[in-house]
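Taking it in order: structure first as C-alpha cells, then the write-up.
The values are calculated or read from the model by the stated rules, or taken from the named source; none is laboratory data. It should be emphasised that the depicted structure is a prediction, and the values quoted were computed from it without experimental measurement. Heads up, the Cβs are rebuilt from the backbone with ideal geometry, glycines too, and the neighbour counts pull from every protein chain shown. Surface accessibility is based on the protein's heavy atoms, side chains included, excluding ligands, DNA and RNA. Shrake-Rupley method; radii C 1.70, N 1.55, O 1.52, S 1.80 Å.
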Amino acid sequence: VEQARAIGFPVMVKATGGGGGIGLQACADEAAVAAAFDRVRRLATVNFGAGGVFLERLVRPARHVEVQVFGDGTGRVAVLGDRDCSLQRRHQKVIEEAPAPALPASLRRRLHAAARDLAASVSYRSAGTVEFAYDPLRREASFLEVNTRLQVEHPVTEEVTGLDLVEQMLRLAGQGPDGVARFMSSRHAPRGHAVEARVYAEDPGRDAARSTGLVTSVTFPDGPVRVDAWIEAGQEVSPHYDPMLAKVITHGADRD
C-alpha cells in the first residue's frame, strides 16, 4: 500500500512469474491493493510456483507493443521488428499485427535500441520478446517484461521479414553461434503488414468461458492465408489446456 501511494493510483498488482493475464489486477485505491495482494500471491503460487508480487502504474488508454529479438549467446542481438498486441480480452492477446502501426519513428527507434541493449546485457540466447506498455497520450513507453521464448504471435514477424524463427533456433541449438552468423549479420527490414487472429474455443455469451466437447467440423479460409492449427474434426476440446485452437495469419502490402 505504501508503494502504491508512491506510484500513484490507479496501479496494477502483478505476479512476478505471471503470464496469460493470470494474477493481474487493477486497483483504484488502497483498499483494493490490500485486498488484491493476497489473492494475486495465491494465484501466482498455484500457477507459477512463485508467490512474488509487484506494482506498476496502470496506463489508460494503453497499447501493448513488443519487440522481437534474437541473440546468439555471445552478446550479439538482432532486432526483428515490432508488433502490436493491444486487442485483448481478460489480459490475453487475441489479435496481433506487425509492424506496430502509428508509432512515432523516434519512439520505435528507442524501443528497438532498448530491447537490443537489454538482451545484449545478459548475452541473451535464442528468440525472445521485449514487451512494453505504450501510453499514446503521453507518447511514453514503459517496460513490461521479457518473454524468454518463442511467442504465439511470432508468425506475423515471420510474414513481414520472410524469416523462419524456429529454423534459426534449431540452427543455434545445433551449431552454436556459427550456425546463425549470416542471419545475425543481415538486416531484416519489414515488408508489408501482417495480422494474426487467434481462434479460441470460448462462448462469448458467457464472458468468453471455455467451450469444450467434440469437434464435428473444421473449416479454414482458402487463398493466401497461413493457418497454424492442431484442431480437426473428431477431436475433443478438453478443459485442461489452453483453449486456443488455431491461428489465422494474413499478409499484405499495407495494413488496409
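Here are a few things to note about the model shown:
- Under the Karplus curve 6.51 cos²θ - 1.76 cosθ + 1.60, θ = phi - 60°, whole-Hz ³J(HN,Hα) for the range 11-18, x wherever Gly or Pro sits: 10, 10, 9, 9, 8, 4, x, x
- Accessible surface computed residue by residue for the range 110-233, with neighbouring protein chains in place and a 1.4 Å probe, gives 57 Å² per residue.
- Ordering TYR134, TYR124 by accessible surface, largest first, gives TYR124, TYR134; the 1.4 Å probe counts only protein heavy atoms, with every chain in place.
- For the range 25-48, the residues whose backbone nitrogen is under 19 Å from a point 7 Å from the Cα of VAL1, taken along Cα to Cβ, are 25-42.
- Taking a ≥ b ≥ c as the square roots of the eigenvalues of the Cα gyration tensor, an a/c ratio of 1.5 or more together with a/b no larger than b/c marks the range 21-75 as oblate.
- Where only alpha carbons of the chain are counted, the Rg and the Dmax (Å): 19.6, 56
- Förster-model FRET efficiency, 51 Å R0, GLN235 and ASP29, C-beta, rounded to 0.05: 0.65
- The accessible surface of the range 1-152, taken with every protein chain in place and a 1.4 Å probe, is 53 percent carbon and sulfur.
- Heavy-atom accessible surface of LYS247, to the nearest 10 Å², is about 20 Å², with a 1.4 Å probe and all protein chains retained.
- Residue by residue, the range 34-46 carries 3J(HN,Hα) couplings of 4, 6, 6, 4, 5, 4, 5, 4, 5, 4, 5, 5, 5 Hz when phi is fed to the Karplus relation 6.51 cos²θ - 1.76 cosθ + 1.60 (θ = phi - 60°); x denotes Gly or Pro.
- Modelled spin labels at ASP164 and VAL46, positioned 7 Å past Cα toward Cβ, are 4.2 nm from each other.
- Loop-located GluC sites (Glu not before Pro) in the range 170-256 (DSSP state not H, G, I, E or B) with no more than 15 neighbouring Cβ atoms inside 10 Å: GLU232.
- Relative contact order (%) - criterion: Cα under 8 Å, at least six apart; region: the chain: 15
- GNM top mover of ALA194, ALA98, ALA31 - the chain, alpha-carbon springs below 10 Å: ALA31
- Of VAL180, VAL40, VAL122, the one that fluctuates the most in a GNM where the chain has Cα springs shorter than 10 Å: VAL122
- Taking a ≥ b ≥ c as the square roots of the eigenvalues of the Cα gyration tensor, the range 43-143 is oblate, since a/c reaches 1.5 or more and a/b is not larger than b/c.
- Taking only Cα atoms of the range 178-252, radius of gyration then Dmax in Å: 17.4, 52
- The simple spin-label model puts a point 7 Å past each Cα toward its Cβ; for LEU214 and ALA197 those points are separated by 2.8 nm.
- Adding -39500 (n - 2.57) for every DSSP H run of four residues or longer, then dividing by how many residues the chain holds, sets the calculated 222 nm ellipticity at -8000 deg cm²/dmol.
- ³J(HN,Hα), Karplus 6.51/-1.76/1.60, whole Hz, each residue of the range 202-211, x for Gly, Pro: 9, 10, x, x, 10, 6, 6, 5, 4, 10
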